[in-house]
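K.L.:
One structure is given below, represented as structure tokens, and several questions about it will come after.
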Amino acid sequence: QVQLVESGGGLVQAGGSLRLSCAASGSTFNMNTMGWYRQAPGKQRELVAIITPGANTNYADSVKGRFTISRDNAKNTVYLQMNTLKPEDTGVYYCRALRADGNYWGQGTQVTVSS
């Protein structure tokens, strides 16, 4: 079992920045692919960014150049640095751990970007 706890969401004006954190329990964090997803009201959950155990990353086209995913294996934590935020970035952001024994989700953290 893995528990994921997100933090760092909030209300920010367009053009601002936020950094989300996702702390994971368990001793095999460094072996997990980790991802950030978001869900806007009335829309399906979508992939924002993903990072492999080898720190390879991939981003949704809509956030490339503005968001950066990173991980600190010593702290069992994955981060999402979000810059130049836009109102369309508003939503609940979820952390996901992709493991051999299944996929695990955090409870989500709300990000609201005002225009």
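Values quoted throughout were computed directly from the atomic coordinates according to the rules given, and no laboratory measurement underlies them. Being a predicted model, the structure only gives us computed values, none of them experimental. Backbone-built Cβ (ideal geometry, glycine too); neighbour counts: all protein chains shown.
K.L.:
Give me the number: length gained by fully extending Gln39 to Gln3, i.e. 0.36 nm times residue separation minus the C-alpha to C-alpha distance, one decimal in nm. Don't jump to the answer; show the numbers that get you there.
P.N.:
Details: separation 36, 0.36 × 36 = 12.96 nm, distance 1.99 nm.
Full extension from Gln39 to Gln3 adds 11.0 nm.
K.L.:
Can you spot the aspartates and glutamates whose alpha carbon is less than 19 Å from Lys86's alpha carbon? Ignore those fewer than 8 places along the same chain.
P.N.:
Straight-distance partners of Lys86: Glu46, Asp61.
K.L.:
Evaluated at 10 °C with a viscosity of 1.306 mPa s, what Stokes-Einstein diffusion coefficient in µm²/s does the chain have when Rh comes from the Kirkwood expression over alpha-carbon pairs?
P.N.:
Translational diffusion coefficient: 113 µm²/s.
K.L.:
Rounded to the nearest 0.05, what FRET efficiency do Asn56 and Thr112 have when you use their Cβ-Cβ distance and R0 = 25 Å? Could you put the intermediate results ahead of the total?
P.N.:
On the way: r = 30 Å, r/R0 = 1.22.
Given R0 = 25 Å and the Cβ-Cβ separation, E is 0.25.
K.L.:
Each residue of the range 16-25 in turn: what ³J(HN,Hα) in whole Hz from Karplus with 6.51, -1.76, 1.60 and θ = phi - 60°, glycine and Pro shown as x?
P.N.:
x, 9, 9, 10, 8, 10, 9, 9, 10, 8
K.L.:
Hey, what did the chain get for relative contact order, percent, Cα under 8 Å, at least 6 apart? Walk me through the intermediate numbers first.
P.N.:
Values: 278 pairs, mean separation 42.0, N = 115.
Result for the chain is 37 percent.
K.L.:
State, to one decimal in nm, how far the label point of Leu98 lies from the label point of Thr84, with both points 7 Å from Cα in the Cβ direction.
P.N.:
2.6 nm
K.L.:
Report the relative contact order of the range 39-96, percent, no decimals, based on alpha-carbon pairs under 8 angstrom and at least 6 residues apart.
P.N.:
Working: 55 pairs, mean separation 17.2, N = 58.
After rounding, I find 30 percent.
K.L.:
On to the next question. Which of the chymotrypsin sites (Phe, Trp or Tyr not before Pro) found in the range 57-108 are loop residues per DSSP with 11 or fewer other Cβ atoms within 10 Å of their Cβ? The partial results should precede the final answer.
P.N.:
Details: sites: Tyr59, Phe67, Tyr79, Tyr93, Tyr94, Tyr104, Trp105; in loops: none.
Passing sites in the range 57-108 do not exist.
K.L.:
Now for a separate question. With θ set to phi - 60°, apply the Karplus curve 6.51 cos²θ - 1.76 cosθ + 1.60 along the range 32-39 and write out the HN-Hα couplings as whole Hz, x wherever there is a Gly or Pro.
P.N.:
Running phi through 6.51 cos²θ - 1.76 cosθ + 1.60 with θ = phi - 60° gives 9, 6, 10, x, 10, 10, 9, 9 Hz.
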